[in-house]
Amino acid sequence: MTNILVPTDFTPASLKLAEQAVKVLNREVNILLFHAFEMPFYYVDFFRPEREPWQELLNDNLRHSCRQLKERCPWLINSIHLRFMQGNTAALFRNWTEANGIDIIVCPNNYVYTKIHPRSLNPIPFFKKSRITLLQDLSVKEQAAARVSSHKQHTYPVIPA
């Protein structure tokens, strides 16, 4: 089972990355929708009775979209989970990915980070510093063509008997 990390801004549109990645990989995966937050800055922020930042961002549209995505590709998607990280160091991210068993990070070349909360962090620097495989090209046609051409390179001529 392959665990893929997909950045999310908590909109159903952010699930398009996950869907494209599943089509490109064409194998059974667990999808971890990921968002990073800064740690609270002030001492008093730790003791405020307010909700965690992700609690105010979760909505029924995202839950419904996750359910639909899983229903569209039930043979490829084993599970979809929302995961969060609080902190801004590469070491923390490395430990987080190790604890969550991340195999592939989806970070297309044209990905644009959207700050959705005052404490949101841009995850791209973490992704690029990690030693985890980055899935940057999500075009299914080009991936299929690459598989065919690599397959042709490994075919051997048949020698008549």
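Data table
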read-out: Scope the stretch 97-132; condition part of a loop (DSSP other than H, G, I, E, B), in contact with a Phe, Trp or Tyr (Cβ under 7 Å, 6 or more places away or on another chain) and aliphatic (A, V, I, L, M); matching residues; value: I116
read-out: Inter-residue pairs, beta-carbon under 9 Å, first within 19 Å of T89 (Cβ to Cβ) and in the stretch 105-123, second of a type in the set (G, A, S), 6+ apart; value: I105/S130; Y113/S120; S120/A36; L121/A36; L121/G87; N122/A36; P123/A36
read-out: Residue in the stretch 66-82 that is polar (S, T, N, Q), touching a Ser or Thr at 6+ places or on another chain (Cβ under 8 Å) and at pLDDT 90 or above present; value: no
read-out: Some residue of the stretch 84-96 being under 14 Å from the mean Cα position of the chain (by Cα), loosely packed, with under 15 Cβ neighbours inside 10 Å, part of a strand (DSSP E or B) and modelled with pLDDT of 90 or more; value: no
read-out: Every residue from the stretch 61-77 that is assigned to a helix (DSSP H, G or I) and of a type outside the set (G, A, S); value: N61, L62, R63, H64, C66, R67, Q68, L69, K70, E71, R72
read-out: Total residues in the stretch 97-115, condition farther than 16 Å from A18 by Cβ, surrounded by 15 or more Cβ atoms within 10 Å (Cβ to Cβ) and among the hydrophobic types (A, V, I, L, M, F, W, C); value: 0
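The values are calculated or read from the model by the stated rules, or taken from the named source; none is laboratory data. From a predicted model like this one, the values you see are computed outputs, not experimental measurements. Here the Cβ is made from the backbone with ideal geometry for all residues, glycine too, and neighbour counts use every protein chain on show.
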